[in-house]
1. Of the conditions (1) open to solvent by 40 Å² or more (accessible area, probe 1.4 Å); (2) more than 18 Å from I84 (Cβ to Cβ), R128 clears all except one; give me its number.
2. Only residues in segment 104-121 that are among the hydroxyl-bearing types (S, T, Y) count as the first member; pair them with residues that are in a loop (DSSP other than H, G, I, E, B) and open to solvent by 60 Å² or more (accessible area, probe 1.4 Å), Cβ under 9 angstrom, at least 6 apart or cross-chain, and list the lot.
3. Can you name every residue in segment 1-58 that is outside any loop (DSSP other than H, G, I, E, B), open to solvent by less than 60 Å² (accessible area, probe 1.4 Å) and of a type in the set (D, E, K, R)?
4. Could you list, in sequence order, the residues of segment 197-218 that are hydrophobic (A, V, I, L, M, F, W, C) and in a helix (DSSP H, G or I)?
5. Can you go through L97, L91 and tell me which one is touching a residue at least 40 places away in the same chain (Cβ under 8 Å) and either more than 16 Å from L175 (Cα to Cα) or in a strand (DSSP E or B) (or both)?
6. Name, by its number, the condition in (1) in a helix (DSSP H, G or I); (2) under 17 Å from K2 (Cα atoms) that does not hold for G83.
7. Quick one: in segment 59-82, of everything that is open to solvent by less than 10 Å² (accessible area, probe 1.4 Å) and closer than 17 Å to S30 by Cβ, which residue is nearest to the chain's Cα centre (by Cα)?
8. Which number in (1) within 21 Å of L23 (Cβ to Cβ); (2) in contact with a Pro (Cβ under 7 Å, 6 or more places away or on another chain) marks the one condition that E159 misses?
Amino acid sequence: MKVGVITFPGTLDDVDAARAVRLAGAEAVSLWHRDADLRGVDAVVVPGGFSYGDYLRCGAIASFAPVMTEVVAAAGRGMPVLGICNGFQILCEAGLLPGALVRNAGLHFVCRDQWLRVERTDTAWTGRYEAGAEIIVPLKSMEGRYVADAATLDSLEGEGQVVLRYLGDPPNGALREIAGISDPSGRIVGMMPHPEHAVDALTGPSDDGLGVFLSLLDAMVSV
């Protein structure tokens with residue numbers, strides 16, 4: 001299986017995302033922001049960082065990159081897509097996920113290991129977890145507070161599209177403690193915490209994040 005990992009100018013976490021893909025047993029394929037071809041990949045990871053320097057608005061410019069035109073089209077055909085941190089912001093800006101990520105409550109950059117609860121396990125990216133599982137992965141962002149209007153939040157809750165929730169008070173003020181959501185199909189997932197930084201206990205707080213990437217392999221094998 002080939003998993004594309006996109007690099008934009010300002011991306012920081014593409015190397016770690018590619019490593020996580022390889023640890024899970026897939027082939028990581030580097031995709032450049034100007035690419036108009038996804039090079040035959042089966043899924044795409046949009047990693048974290050500060051694409052285009054976060055100018056205008058986090059993820060806004062990246063959402064218009066040539067490679068994102070291809071990602072949006074492929075997602076429409078059912079290809080799994082994961083957005084992490086800035087990648088989550090990009091997926092929201094591209095219209096693949098509802099809502100937005102805005103500046104943290106308290107206006108401070110948050111960098112900490114964060115406990116999360118897995119709310120939905122039938123997505124392409126969370127099938128390896130038990131419902132209600134509590135995992136710890138790093139969180140590092142300035143614009144990580146998930147917001148949406150009340151109708152959208154109610155719809156996400158009602159349709160089971162809240163994938164991850166912060167345990168305890170969300171450090172960034174995210175509405176309804178939302179740390180990650182999916183589209184209705186469960187193939188497109190965005191999350192603010194960084195599972196790619198928690199794939200082995202030597203370099204992260206745990207290996208809890210590896211399940212995100214193993215879940216993708218399970219989902220693709222079962223298709």
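The values are calculated or read from the model by the stated rules, or taken from the named source; none is laboratory data. On a predicted model such as this, the values are computed, not experimentally measured, just so you know. Note that each Cβ is placed from the backbone with ideal geometry, even for glycine, and that neighbours are counted across all protein chains shown. Each accessible area value is taken on the protein alone, full model and side chains, heavy atoms only, with ligands, DNA and RNA left out. Shrake-Rupley method; radii C 1.70, N 1.55, O 1.52, S 1.80 Å.
1. It is condition (2) that R128 fails.
2. Going by the 9 Å Cβ cut-off, the qualifying pairs are T121/R128; T121/E130; T121/A131.
3. As a first pass, look at segment 1-58 and keep what is outside any loop (DSSP other than H, G, I, E, B): 2-7, 11, 14-24, 27-32, 43-46, 49, 51-54.
Checking the rest, the ones that are also open to solvent by less than 60 Å² (accessible area, probe 1.4 Å) come to 3-7, 11, 14, 16-18, 20-21, 24, 28-29, 31, 43-46, 49, 51-54.
The answer is D14, D16, D54.
4. To start, the set of residues in segment 197-218 that are hydrophobic (A, V, I, L, M, F, W, C) comprises 198-199, 201-202, 210, 212-214, 216-217.
Within segment 197-218, L210, V212, F213, L214, L216, L217 qualify.
5. Numbers: L97 fails: either more than 16 Å from L175 (Cα to Cα) or in a strand (DSSP E or B) (or both).
When all the criteria are applied, what remains is L91.
6. It is condition (1) that G83 fails.
7. Filtering segment 59-82 down to residues open to solvent by less than 10 Å² (accessible area, probe 1.4 Å) leaves 59-60, 62, 65, 67-68, 71, 74, 80-82.
Those still in the list that are closer than 17 Å to S30 by Cβ too: 62, 65, 67-68, 71, 74, 81-82.
Details: A62: 15, A65: 18, V67: 17, M68: 15, V71: 14, A74: 17, V81: 8, L82: 5 Å.
Here the answer is L82.
8. (1)
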